[in-house]
Amino acid sequence: IGQGPLTGRRILVTSGPTHEPIDPVRYIANRSSGAQGTEVARALVRLGAEVIFVTGPADVPPPDGVILKRVETAQQMLKAVEAALPVDAAVFAAAVADWRVMGATDSKIKKQSGALPVLEFAENPDILARISQRRSGRPGLVVGFAAETDDVIANATAKRGRKGCDWILANDVSPATGIMGGSENAVTLIHDAGAEDWPRMSKQDVARRLADRIARTLT
Ligand code: C5P
């Protein structure tokens, strides 16, 4: 861990998908690889920050130099995030499942001839919104991501308002872009003063640019 503009700053990063159990052997998940969140954490460490990295089961290994908190479900992620507070800034890059399966069982659901299981869902907590709207202990800077397939900027701007975060990095995850699971990203940074399109670049470069921006804002 080097010295840098973020030395002495504590920053939380969430990353990866969540897994929502159906029973002990089955779960519902999404296609997040954890690549972008991992790069953000790495870039913040590089600038000297103390990074608490709360990650779901990602495809990519966690970066070196972070305080690592592994979780599986959205509810566990919320707990780990709350336990990490207070922080100077928080970046929410996790693809948290919107729903969990109600009544997930401790024993494996048996296949029965003729009978198909029916899953019921409950809404998961919106971790970004909860933290953004805290009255006490809100991080000084809260950054969210908005993965959209249509009307990217309009949807992301509305999301920023609804959730109450300071910045949103909007990206188009339409299959044709190859971004979900790929190594590049094309984002628009949306803040109080408007929207800035960043050119398509590697997820590592997006992360470095974001980390620089965070450093300039906190110092
Ligand atoms: O609403 P949507 O999932 O598109 O919002 C994306 C942003 O909100 C991301 O920053 C994501 O990490 C965060 N989020 C969260 N908890 C949820 C859902 C999304 O922190 N339950």
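Per-residue answers, yes or no, for (1) among the basic types (Lys, Arg); (2) more than 10 Å from the ligand (Cβ to nearest atom); (3) buried (at least 16 other Cβ atoms within 10 Å of the Cβ):
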{"site": "VAL118", "(1), (2), (3)": "no, yes, no"}
{"site": "ARG134", "(1), (2), (3)": "yes, yes, no"}
{"site": "ALA154", "(1), (2), (3)": "no, yes, no"}
{"site": "GLY164", "(1), (2), (3)": "no, yes, yes"}
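Would you be able to tell me the number of residues in the stretch 120-144 that are within 15 Å of VAL81 (Cβ to Cβ), hydrophobic (A, V, I, L, M, F, W, C) and out of contact with any helix residue (DSSP H, G or I) (no Cβ under 7 Å at 6 or more places or on another chain)?
Final tally of qualifying residues: 1.
Going residue by residue through the stretch 39-53, is there one that turns out to be more than 11 Å from the chain's Cα centre (by Cα), at pLDDT below 95 and basic (Lys, Arg)?
No, because not a single residue in the stretch 39-53 is more than 11 Å from the chain's Cα centre (by Cα), at pLDDT below 95 and basic (Lys, Arg).
Quick one: how many residues across the stretch 127-157 are in contact with a Ser or Thr (Cβ under 9 Å, 6 or more places away or on another chain), in a loop (DSSP other than H, G, I, E, B) and at pLDDT 95 or above?
Number of matching residues: 3.
How many residues are touching a strand residue (DSSP E or B) at 6+ places or on another chain (Cβ under 8 Å), in a loop (DSSP other than H, G, I, E, B) and either under 30 Å from VAL142 (Cα atoms) or of a type in the set (A, V, I, L, M, F, W, C) (or both) if we restrict to the stretch 117-126?
2
May I ask you to list the residues in the stretch 175-185 that are in contact with a helix residue (DSSP H, G or I) (Cβ under 7 Å, 6 or more places away or on another chain) and in a loop (DSSP other than H, G, I, E, B)?
SER183
Which fully enclosed strands (runs of 3 or more DSSP E) of the stretch 1-116 have 2 or more residues being within 16 Å of the ligand (Cβ to nearest atom) and not aliphatic (A, V, I, L, M)?
Fully inside the stretch 1-116 and qualifying: 10-15, 50-55, 99-101.
Any idea which residue in the stretch 61-81 is surrounded by the fewest Cβ atoms within 10 Å (Cβ to Cβ), counting only those that are over 14 Å from the mean Cα position of the chain (by Cα) and among the hydrophobic types (A, V, I, L, M, F, W, C)?
ILE67
So which pairs qualify, if the first residue must be in the stretch 11-39 and over 29 Å from ALA186 (Cβ atoms) and without any contact (Cβ under 8 Å) to a residue 60 or more places away in the chain, the second must be within 10 Å of the ligand (Cβ to nearest atom) and part of a loop (DSSP other than H, G, I, E, B), the Cβ gap must be under 8 Å, and the two must be at least 6 apart or on different chains?
From residues that are over 29 Å from ALA186 (Cβ atoms) and without any contact (Cβ under 8 Å) to a residue 60 or more places away in the chain, there are no pairs.
For (1) among the aromatic types (Phe, Trp, Tyr); (2) under 28 Å from ASP172 (Cβ atoms), each residue gets a yes or a no:
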residue: ALA49; (1), (2): no, no
residue: THR55; (1), (2): no, yes
residue: TRP99; (1), (2): yes, yes
residue: VAL142; (1), (2): no, yes
residue: THR149; (1), (2): no, yes
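Here are SER15, SER33: which of them is under 20 Å from VAL206 (Cβ atoms) and modelled with pLDDT under 95?
SER33
The values are calculated or read from the model by the stated rules, or taken from the named source; none is laboratory data. Fair warning: this is a prediction, and the values are worked out from it, not measured in the lab. FYI the Cβ positions are ideal-geometry reconstructions off the backbone, even for glycines, and counts take in every protein chain you see.
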